[in-house]
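What follows draws every value from the coordinates through simple rules; no lab data is involved. Treat the numbers as computed from the prediction; the structure is a model and nothing was measured. As a convention, Cβ positions derive from the backbone with ideal geometry for all residues, glycine included, and neighbour counts pool all protein chains shown.
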Amino acid sequence: MHPALLYLPGSRLSLAELCAARLDGHVVEIGDAYIPADLPESADVRASSIAFLVQEGSAACGPTAAWIHGARDAPPAVHHVRRCVERRVRPRLHARVVFHDTAIPAREVEELGGIRVSIPVRTMCDLATGLHRDPRVLPWMQALAHVRPDTLDGAIEILRGRHRVPGSVSGVAALERLVRKR
């Protein structure tokens, strides 16, 4: 997506101007940005709308990556990013971002909209293993399974192959319940 099609409040237009353009039907809100009303919403567009929150050396993960991949209409209130390089990254503190310091391997990351994002199967694995800590990720798992049903079998296979990973047993059980609902 071309950056000229993404309007962040305060950059070229003020928030008031963007709200007026939205009321007139010229733009629609997506994440923290606005796009022309006739531009199709895609993973690139969703990723671009939160690019200012994902710092260099990190990738969108968890509910944020699920939203980018098409799960649910609205983005999560708090975005999740994870280190995706070998070196340590000094996290930029932001009230709406949770930084996870465990690294994602390069093979499990793709570039969308100018930022790195965990691939759908890795996203489903992260959501499943985080379920025991935060049950609020279950709707994200369900939504991702709805738009990307192919992620379920891959995530189950990966989690069964991992040993001594916190949350993997309950995560596999949750994924298997989602498979039965298909």
_Checking a compactness column here: for the range 1-41, what do you get for Rg(Cα) / (2.2 N^0.38 Å), N being the number of residues?_
1.02
*asked:* Could you tell me how far the Cα centroid of the range 157-182 sits from the Cα centroid of the range 1-18, in Å?
replied: 41
*Built amide H within the under 5 Å cut-off of His100, gap 5+*: Val81, Arg82, Arg83
*May I ask for the longest run of the chain untouched by GluC sites (Glu not before Pro) that are loop-located per DSSP and have at most 12 neighbouring C-beta atoms (other than their own) within 10 Å?*
87-182
*asked:* Starting from the Kirkwood Rh over alpha-carbon pairs, what translational D in µm² s⁻¹ does the range 87-182 have by Stokes-Einstein at 25 °C and 0.890 mPa s?
replied: 171
_Cut-off is 10 Å between beta-carbons; in what order do Ile115, Ile30, Ile68 appear when sorted fewest neighbours first?_
Ile30, Ile115, Ile68
*Are there trypsin sites (Lys or Arg not before Pro) in the range 104-136 that DSSP marks as loop and that have at most 12 other Cβ atoms within 10 Å, and which are they?*
Arg133
*How big, on average over all directions, is the shadow cast by the Cα convex hull of the range 52-124, in nm²?*
4.6
*Per-residue ellipticity at 222 nm for the chain, helices alone: DSSP H runs ≥ 4 residues times -39500 (n - 2.57), over residue total, nearest 500 deg cm²/dmol?*
-11500 deg cm²/dmol
*In µm²/s, what is D for the chain at 25 °C and 0.890 mPa s, where D = kT/(6 pi eta Rh) by Stokes-Einstein and Rh is the Kirkwood radius from Cα pairs?*
144
*asked:* Compute and list, largest first, the equivalent-ellipsoid semi-axes of the range 31-71 from the alpha carbon gyration tensor, each √(5λ) rounded to a whole angstrom.
replied: 19, 12, 7
*Once amide H atoms are built 1.01 Å from N in the peptide plane, which residues 5 or more positions from Ile115, or in another chain, come under 5 Å H to H?*
none
*So for the range 2-70, what are the equivalent ellipsoid semi-axes in whole Å, largest first, each being the square root of 5 times an eigenvalue of the Cα gyration tensor?*
22, 13, 9
